[in-house]
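Reviewing the structure listed below.
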Amino acid sequence: MRIGFIGLGNMGNPMVRNLLKHGHTLKVFDIVPALVKPLADLGCETATSAGKCAQEVDVVITMLPSSPHVRRVYQEAHGVLASAAPNTLLIDSSTIDPHTSRDVAMDAMGKGLAMIDAPVSGGTGGAEAGTLTFMVGGTAENFARAKPVLEGMGKNIVHCGDAGNGQVAKICNNMMLAIEMIATAEGMALATKLGMDANVFASIANTSSGRCWSSDTYNPFPGVVPAAPANRGYSGGFGSDLMLKDLTLVTEAAKAAKQPVMLGAAAQQLYQMHSTMGNGALDFSSIIKLYKKD
């Protein structure tokens with residue numbers, strides 16, 4: 001297929017490379033020229049704007065930082081919706097609020113365009129390896145059209161229901177992840193403060209009712225899980241500011257839906273505090289710094 005790809009950052013760049021490996025023809029755009037050049041060197045056509053990137057392609061994929069960026073790229077006067085040919089398939093893999101996703105999808109439908117929201121899980125490692133999970137919102141027909149493209153970048157492609165439901169799945173899952181990480185950090189910090197060996201306590205938790213992914217696979221305490229970011233100064237992984245972004249999205253969505261998320265709101269405030277203390281660029285498991293001195 002001929003694919004236009006907009007947004008070539010830490011996730012977009014390896015996603016484009018995997019699409020190239022699967023034989024697709026790529027046209028790319030980013031507002032940062034330095035991000036475009038390496039892909040141009042690999043044979044990608046370059047566009048001078050988002051709107052031009054959406055022209056003369058079968059599919060447009062966007063990977064953008066936030067809801068305002070998505071609205072601007074899609075809905076501005078010379079943006080994607082104004083530039084794409086009828087029946088072009090639009091795939092937004094940004095993580096944004098469900099309301100924005102549904103609003104843009106409605107505008108796309110009004111212009112005769114097919115659109116899905118397809119946020120991802122798996123981080124930069126999954127993007128590079130082509131093993132991302134895509135959580136897809138949209139019609140069954142559009143999901144079927146998008147699946148062969150998404151399979152060039154991911155391993156697990158899940159249809160979550162109507163437009164916006166991909167975003168719902170992403171932010172609700174990450175809210176649960178944040179809460180579980182905070183609980184693991186509190187438990188690990190308290191157990192060691194009370195004199196227990198961290199590895200012994202983790203082995204107990206991970207074979208009993210305290211077990212969760214944050215504990216047995218991504219433990220925030222250094223020395224417990226060798227491959228976890230805790231053992232490399234919390235570098236790499238999923239940044240605390242990115243987790244804060246998702247928690248802010250989920251608490252705003254909950255407010256609009258009049259649905260209580262007490263632990264989600266507490267998690268948002270803890271990550272806000274963590275970020276203001278200068279830890280926003282560290283992996284989200286570094287939240288244990290709130291409970292434990294290095």
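The values are calculated or read from the model by the stated rules, or taken from the named source; none is laboratory data. These figures come from a predicted structure and were not determined experimentally. Ideal geometry is used to build each Cβ from the backbone, glycine not excepted, and the neighbour counts take in all protein chains shown. These accessible areas exclude ligands, DNA and RNA; they are computed on the full protein's heavy atoms, side chains included. Shrake-Rupley method; radii C 1.70, N 1.55, O 1.52, S 1.80 Å.
A few points about this structure:
- Cβ pairs under 6 Å, 6+ apart, first in segment 92-115 and under 12 Å from V80 (Cβ atoms) and open to solvent by 10 Å² or more (accessible area, probe 1.4 Å), second part of a helix (DSSP H, G or I) and aliphatic (A, V, I, L, M): D107/L81; K111/L81; M115/A105; M115/A108
- Residue in segment 118-129 that is in contact (Cβ under 8 Å) with a residue 12 or more places away in the chain, under 20 Å from M11 (Cβ atoms), in contact with an Asp or Glu (Cβ under 9 Å, 6 or more places away or on another chain) and of a type in the set (A, V, I, L, M, F, W, C) present: yes
- Residue satisfying all of: in segment 209-227; buried (at least 16 other Cβ atoms within 10 Å of the Cβ) and within 19 Å of the chain's Cα centre (by Cα); farthest from A169 (Cα to Cα) among these: Y218
One line per residue, one yes/no per condition, for (1) farther than 15 Å from T248 by Cα; (2) assigned to a helix (DSSP H, G or I); (3) of a type in the set (G, A, S):
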| site | (1), (2), (3) |
| --- | --- |
| G152 | yes, no, yes |
| V158 | yes, no, no |
| A163 | yes, no, yes |
| G166 | yes, yes, yes |
| I171 | no, yes, no |
| M175 | no, yes, no |
| I179 | no, yes, no |
| A185 | yes, yes, yes |
| A189 | yes, yes, yes |
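- Members of segment 58-80 that are touching a helix residue (DSSP H, G or I) at 6+ places or on another chain (Cβ under 8 Å), part of a helix (DSSP H, G or I) and surrounded by fewer than 17 Cβ atoms within 10 Å (Cβ to Cβ): Q75
Residue-wise test of (1) under 24 Å from S67 (Cα atoms); (2) in contact with a His (Cβ under 6 Å, 6 or more places away or on another chain).
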| site | (1), (2) |
| --- | --- |
| G122 | yes, no |
| L132 | yes, no |
| G138 | yes, no |
| N142 | yes, no |
| K147 | yes, no |
| G152 | no, yes |
| K155 | no, no |
| V158 | yes, no |
